[in-house]
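Since every read-out is calculated from the coordinates, none of them should be taken as a lab result. Not measured: the values here are computed from a predicted model. As a convention, Cβ positions derive from the backbone with ideal geometry for all residues, glycine included, and neighbour counts pool all protein chains shown.
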Number of protein chains: 2
Amino acid sequence: MSTWISGVGTSNFGKQPDLSPAELAWQAIGEALSDAELASGARPGIDAVYVGSVFGEPGVAVRVLQGHAITGVPVITVENACASGTSALHEAAVALTSGRYEQVLVLGVEQMTPLFNGPIIPQQSDTEGRTGLAMPSMYAMEASRWLYEGRTTLEQLAAVSVKNHRHAMHNDRAQYRGEYTIEEVLASPMISDPITLLQCSPISDGAAAVVMSRNRVSTTDVELVASAQRSGGPWDHRSDDVWGYRLIHDTAQDVFEAAGLGPDAVDLAEVHDAFTIGELTTTEALGLAPAGEAGARAASGATALGGALPINPSGGLLSRGHPLGATGVAQVAEVVWQLRGVAGGRQVDGARVGLVETMGGGVSGVDGNACVVALLRGQHGERN
Amino acid sequence: MSTWISGVGTSNFGKQPDLSPAELAWQAIGEALSDAELASGARPGIDAVYVGSVFGEPGVAVRVLQGHAITGVPVITVENACASGTSALHEAAVALTSGRYEQVLVLGVEQMTPLFNGPIIPQQSDTEGRTGLAMPSMYAMEASRWLYEGRTTLEQLAAVSVKNHRHAMHNDRAQYRGEYTIEEVLASPMISDPITLLQCSPISDGAAAVVMSRNRVSTTDVELVASAQRSGGPWDHRSDDVWGYRLIHDTAQDVFEAAGLGPDAVDLAEVHDAFTIGELTTTEALGLAPAGEAGARAASGATALGGALPINPSGGLLSRGHPLGATGVAQVAEVVWQLRGVAGGRQVDGARVGLVETMGGGVSGVDGNACVVALLRGQHGERN
């Protein structure tokens, strides 16, 4: 059952240690409420707030919301690793379709720069923490496997970085943007072989917000056709699939089935390119490229703006930035802008159906902590 | 609409820095699953997991659950300050009654000792953080106001601590227990005038878990008659009520109305005695004592085991401990044991209806971040 997105907003993304989480959230919420024209009184009020945040200060949402005169309503803050924002969105969608609420606000917010000076390493009490297995290393093992299998090349991995940094040149709110060559990406400092610096998403501060309703109110509302969330099943290193591949695949199947649409209906996608290899494995797991072809497509320009199926027009996690709890909600905001036709220099022509995928966490023995996939459809209502 | 609690479990509570959050959670989940006799196959499996945790490592739940062979199901981790555990429980109840799931697991887990050496102080970016307004000070202001109004006395405040430490002498899993005098409580080190050390809940590590079902399966299942969650509305220091009073009152009214029961039906209560004054304000806000009488009742023994309406038979946050995200779920576990008649030396005779209240967070300008109230009813099915 569909729900409707009537307003989206974000903060800038980047290293913003002088702002508080509340100030980042304030910007995103203000823009989303204004975008939904809630002040006009034509819409119902906000019945509840769903928040995605991983390292957030307890109660950050209530503090911010009072400033926007949203007080006394239930606030549900969801932590689901890197998929926290879209997990909050999925919970909101379920609450709307079940009749629990009429209209809700979804907020993703994360301020990371005061907390991290280097890569995020799992807790010392866990196997990964004790072995120093930080996230770049997890993805480096995926990349190594695909290179070994001949399923991608170093140059194709680098092409993902080149493309997403170029996309971000049209996104004023992105953390990093620029014109790089394949050679420059490969020559940037090695972080975890074969992942170089320009192939890693950064430590980021940012927020994003979405107003969602049970019923369509405006011609510019974008339809959330379906969303799904799964946690990983048991994982075995002898599996033919790299870590998380099966989880992403199965979650996408849930969504395509619920939506009555297939991968061929998708005009653009915002996916979890925490590291370059992530975009390639995800593209194939989602069915947006045949097995073994995602890398070639990235290199050929097929997934760039102007290509057959643009992926991460916003710049993705690699370039827009990756403030964990905000990421999924920012992906949704980008797709809404695209489906309304207001994405400016990064607009995907004729975009009608957009897909969002977020993948969270990595622990040994589990095929990914959490994955959320959502499918959105524009209604040809343009807002200018 | 009712839901059913078929299994509960907890870890020990206390300073357990050598255990990981996963190990604490492991104990609680194992006990709850065993208590629900899930291994027998007579019950449906676990369809989803709702987790309450404030400072928890991202993805802690998925890591623990795989060890109990619960994999691939949605995991929703909820952060709602000190009310995180019961917020997770409330979300679980809504999911069951709406038909989303048949049977779910609720987990509360928190490991605090590696994080805190002293009182919890809000973030430096907030008004409270900048002014050093730690939680003891927030409650100290409440106590000062009630003392000024003649609504309680120093000795009555101390009586809450004496009672709850005495209750905990019958609870092997409690963090602190012992026989104290009023004088000893008042003579313990001053933390924030008039709150002394023995009137403060400790920094704790612990976990608790609950198995909940849409339908009753066993005669020992305890009915969750109703639960409600509210966030605080705007608060004004000129209010006649102390901070949080109105929020607790209104949340309780939601529950009593939904349950078709009043405060007079309640045989025992587990409430949020983070500091002694908290138990008194909460008791009155819930309607479990007339205005101005909660302190006198604590001093008279009316709220002790053997009294007219025992409050915090487990020892409460003051003595059982207060591992934030675990607290609310541990309160529910205690009430379930009481309603089954298996609470041993701390059993409330003839307990039939029990109430749980958890109150979360404190920020300026808001009347409490979150409050959850739940009403449980026993079915006279005893388990020995």
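Summary of values
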{"read-out": "Global geometry of the stretch A:269-329, whether rounded, prolate or oblate, following the gyration tensor of its Cα atoms and the 1.5 cut on a/c", "value": "prolate"}
{"read-out": "Computed over chain B: relative contact order in percent, which uses C-alpha pairs under 8 Å that are six or more apart", "value": "26 percent"}
{"read-out": "Cβ-based charge dipole, the protein assembly as shown, positive-most Cα from A:Ser161, A:Val54, B:Gly328", "value": "B:Gly328"}
{"read-out": "DSSP-defined beta bridges in the protein assembly as shown - what % are antiparallel, rounded to 5", "value": "75 percent"}
{"read-out": "Cα centroid separation - the stretch A:17-36 against the stretch B:217-292, whole Å", "value": "33 Å"}
{"read-out": "Nearest 10 degrees, 0 to 90: helix A:324-340 Cα axis against chain A principal axis", "value": "70 degrees"}
{"read-out": "Tail fraction, Cα-Cα pairs, the stretch A:73-230, threshold 21 Å, whole percent", "value": "62 percent"}
{"read-out": "Neighbour-limited loop hits for GluC sites (Glu not before Pro), the stretch A:172-277 (at most 16 other Cβ within 10 Å; DSSP other than H, G, I, E, B)", "value": "A:Glu179"}
{"read-out": "Cα Rg over Rh - the stretch A:318-364, Kirkwood", "value": "1.06"}
{"read-out": "Spin-label pair B:Thr181/B:Lys15, simplified geometry with 7 Å Cα→Cβ offset, distance in nm", "value": "2.7 nm"}
{"read-out": "Note, ³J(HN,Hα) from phi for the stretch B:285-297, Karplus 6.51, -1.76, 1.60, rounded to Hz, x at Gly and Pro", "value": "5, 6, x, 7, 8, x, 4, x, 10, 4, x, 4, 5"}
{"read-out": "For the B-to-A rotation axis, chain B residue with nearest beta carbon and its distance in angstrom", "value": "B:Ser98, 2"}
{"read-out": "Crossing angle, helix A:135-148 versus chain A [Cα axis fit, 0-90 degrees, rounded to tens]", "value": "50 degrees"}
{"read-out": "Peptide A:231-238, shielding by other chains (average Cβ, 10 Å cutoff)", "value": "4"}
{"read-out": "Label distances, nm, B:Gly30 versus same residue in remaining copies, Cβ-directed 7 Å point", "value": "5.2"}
{"read-out": "Folded to 0 to 90 degrees: helix B:84-97 orientation relative to chain B principal axis, Cα", "value": "40 degrees"}
{"read-out": "Charged-residue dipole, Cβ positions (Lys, Arg, Asp, Glu), the stretch B:79-215 about Cα centre, Debye nearest 20", "value": "300 debye"}
{"read-out": "Unit Cα scatterers, Debye sum, chain B: log10 I(q)/I(0) for q = 0.06, 0.09, 0.14 Å⁻¹", "value": "-0.19, -0.45, -1.15"}
{"read-out": "Relative contact order of the stretch B:252-315, defined on C-alpha pairs under 8 angstrom at six or more residues apart (%)", "value": "33 percent"}
{"read-out": "Ascending list, in nanometres, of distances separating the B:Val217 label from those of the other copies (7 Å, Cα toward Cβ)", "value": "4.2"}
{"read-out": "Net charge of neighbours whose Cβ lies under 10 Å from the Cβ of A:Arg352, counting Lys and Arg as +1 and Asp and Glu as -1", "value": "0"}
{"read-out": "Among A:62-73, A:79-90, B:89-100, A:231-242, the order from most to least packed when residues are scored by Cβ within 10 Å on average", "value": "A:79-90, B:89-100, A:62-73, A:231-242"}
{"read-out": "Within chain B, percent of DSSP bridges classed antiparallel, to nearest 5", "value": "75 percent"}
{"read-out": "7 Å along Cα→Cβ, label-point gaps from A:Gly260 to other copies, nm, shortest first", "value": "4.0"}
{"read-out": "13 Å beta-carbon shell around B:Thr303, net charge (K/R +1, D/E -1)", "value": "-3"}
{"read-out": "Fully extended contour minus Cα-Cα distance, from A:Met169 to A:Val342, at 0.36 nm per residue", "value": "60.7 nm"}
{"read-out": "Of every Cα-Cα pair in the protein assembly as shown, the percent that sits beyond 44 Å", "value": "24 percent"}
{"read-out": "Over chain A: helical MRE at 222 nm, DSSP H runs n ≥ 4 each giving -39500 (n - 2.57), nearest 500", "value": "-10000 deg cm²/dmol"}
{"read-out": "Using a Förster distance of 60 Å, the FRET efficiency for A:Asp236-B:Glu149 (Cβ separation, nearest 0.05)", "value": "0.40"}
